[in-house]
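Below: the structure, in structure tokens.
The values are calculated or read from the model by the stated rules, or taken from the named source; none is laboratory data. From a predicted model like this one, the values you see are computed outputs, not experimental measurements. As a convention, Cβ positions derive from the backbone with ideal geometry for all residues, glycine included, and neighbour counts pool all protein chains shown. Each accessible area value is taken on the protein alone, full model and side chains, heavy atoms only, with ligands, DNA and RNA left out. Shrake-Rupley method; radii C 1.70, N 1.55, O 1.52, S 1.80 Å.
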Amino acid sequence: MAMYDLIIRNGNIVTADSIVQGDIAISDGKIKEISVGKTLEATANKEIKADGKHILPGIIDTHVHFNEPGRTEWEGIETGSRSLAAGGVTTYFDMPLNSTPPTINKENLELKRAASEEKAVVNYRFWGGLVPENIKDIKELHENGVIGFKAFMSPSGITDFNHVDDITIFKGMSEIASIGSLLAVHAESTVICDQLAEEKQSQNKRSAKDFVESRPIISEIEAVRRIISYAEATGCRIHIVHASSRKVVKEISEAKLRGVDITVETCPHYLSLTIKDLEEKGGVAKCCPPLRDKNEIEDLWLAVAKGEIDVIASDHSPAPPSMKEVVNGDYFKAWGGISGAQSTLNVMLTEGYFNRSLPLEKIVELLATNPAKRFGLYPHKGSILVDSDADLTLIDLNESFVLEEKDLFYRHKQSPYVGRTFKGMVTTTIVNGNLVFDNGYITTPEKIR
Ligand SMILES: NC(=O)N[C@H]1NC(=O)NC1=O
Ligand SMILES: [Zn+2]
Ligand SMILES: [Zn+2]
């Protein structure tokens, strides 16, 4: 009889296509055997009873800012990756900015890699940056394993990561196309946002509403249209990050129909928080593009249901509480970025599965399968197949909880979701066949909560 490292017994195995009941056997960090509908005749060093639970392919968060090296006091790889594990995430892609030095050349990439090797409790990959200064470094970054490149079309909020001008976009995208990589784009118009922000501030209008009005949806639409025209000219594959509105998504759907190789991401906060939350909670709910209104949320859920969205990622972009504070009612000054790494699956289960009947298979597709496919990790990741990596997320849909600060594994225990009731709970996160999170505890390298 076969002997494995780990067997998970009698769970509901969820993939993008189906839900079946069965056993999963794991050895050497890989799925070795799957038995559907009947007990797997084998033994293992460890067994997990998953009766009544659902087993998902490990979640892939394609968009986090972990600030390390250089700004570890903002988050850091250790606390950041623990938070992800607690949220059922088994692989993350770390953005090239907010750490210092930013990941814009091979030397800086090696610094990030060294810090991650030492500290990450889940799997990871790195984005390289595209900035006006580094077109010459693109090829080498690609050869050293970055998942793709990231550019900002508007100021990033970080002085050592410049946004791209149109000639950089054009030249950079030509280069990225020639090596067969991909460009992720923060698409907001500098002209529109800067001008409106200046008008507002010169009139001393600095409320939450003023801030939101200074970054309107049209600014995203304009930038998306522009980047699409460059994609069509250069043949560069693109991925639009954090679209805040279905109106933005529509531009991307139309480009897809024309044959442009483009995908789109949105984030849990654009599906669950509004400008009212920004007014009530303050800086903890500030992000760029900003939160929109209730109608936009429902429209965005329609886009999700209809398959217009490819990927949902956290855009976890934390900062120390002092930087998130709204001082004297000035919403322009506070750091833009939401701490969400731990809550992506919770938001999708509660607001998607329970409140809007979004199928679990669809959630798996958006959070694991599509990210794996788009960024070349499929079928090793994003699937539950024999020979896949043993990255798995176990959830209990019968549990619910109110998120408290003490539940957060972030360096700074702030989240716009504190106080929210979530239905469904992540019980166990398995990375390369090892339990990393179990029943409220991070289990490796030591047990902590
Ligand atoms: N620099 C940075 O992380 N910016 C992110 N924050 C945010 O709210 N939107 C972003 O692009
Ligand atoms: Zn961004
Ligand atoms: Zn980001």
Out of GLU198, GLU220, report the one residue that is in contact (Cβ under 8 Å) with a residue 40 or more places away in the chain and either of a type in the set (D, E, K, R) or over 27 Å from PRO416 (Cβ atoms) (or both).
GLU220
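Quick grid of which residues meet (1) among the basic types (Lys, Arg); (2) over 18 Å from LYS150 (Cα atoms); (3) within 16 Å of ligand 3 (Cβ to nearest atom); (4) at pLDDT 95 or above:
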| site | (1), (2), (3), (4) |
| --- | --- |
| SER229 | no, no, no, yes |
| VAL241 | no, no, yes, yes |
| VAL248 | no, yes, yes, yes |
| GLU251 | no, yes, no, yes |
| ALA255 | no, yes, no, yes |
| ARG258 | yes, yes, no, yes |
| ASP261 | no, no, no, yes |
| THR266 | no, no, yes, yes |
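LYS106: surrounded by fewer than 22 Cβ atoms within 10 Å (Cβ to Cβ) and basic (Lys, Arg), yes or no?
Working: surrounded by fewer than 22 Cβ atoms within 10 Å (Cβ to Cβ): yes; basic (Lys, Arg): yes.
Answer is yes for this residue.
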GLU75 fails exactly one of (1) open to solvent by 10 Å² or more (accessible area, probe 1.4 Å); (2) within 16 Å of ligand 3 (Cβ to nearest atom), namely (1)
Cβ-Cβ under 8 Å, sequence separation 6+ or interchain: first residue in the stretch 308-322 and in contact (Cβ under 8 Å) with a residue 60 or more places away in the chain and assigned to a helix (DSSP H, G or I), partner more than 14 Å from ligand 2 (Cβ to nearest atom) and of a type outside the set (A, V, I, L, M). Which pairs?
PRO321/HIS412; PRO321/GLN414
Could you count how many residues in the stretch 51-72 are within 16 Å of ligand 3 (Cβ to nearest atom) and not hydroxyl-bearing (Ser, Thr, Tyr)?
9
Only one residue in PRO96, PRO101 is over 23 Å from SER388 (Cα atoms), open to solvent by less than 20 Å² (accessible area, probe 1.4 Å) and not β-branched (Val, Ile, Thr). Which one?
PRO96
Just name the residue that is nearest to ILE218 (Cα to Cα) out of those in the stretch 283-295 that are touching a Ser or Thr at 6+ places or on another chain (Cβ under 6 Å) and more than 16 Å from ligand 1 (Cβ to nearest atom).
ASP293
ALA303 fails exactly one of (1) more than 14 Å from ligand 1 (Cβ to nearest atom); (2) within 20 Å of SER245 (Cα to Cα); (3) open to solvent by 20 Å² or more (accessible area, probe 1.4 Å), namely (3)
Filter the stretch 266-282 down to the residues that are of a type outside the set (S, T, N, Q), surrounded by 23 or more Cβ atoms within 10 Å (Cβ to Cβ) and over 15 Å from GLU213 (Cα atoms) and list them by number.
CYS267, PRO268, HIS269, TYR270, LEU273
Answer yes or no: is there a residue in the stretch 121-135 that is of a type in the set (Val, Ile, Thr), surrounded by fewer than 19 Cβ atoms within 10 Å (Cβ to Cβ) and closer than 24 Å to PHE375 by Cα.
yes
Quick check on the stretch 167-181. Is at least one of its residues within 16 Å of ligand 2 (Cβ to nearest atom) and crowded, with 22+ Cβ neighbours inside 10 Å?
yes
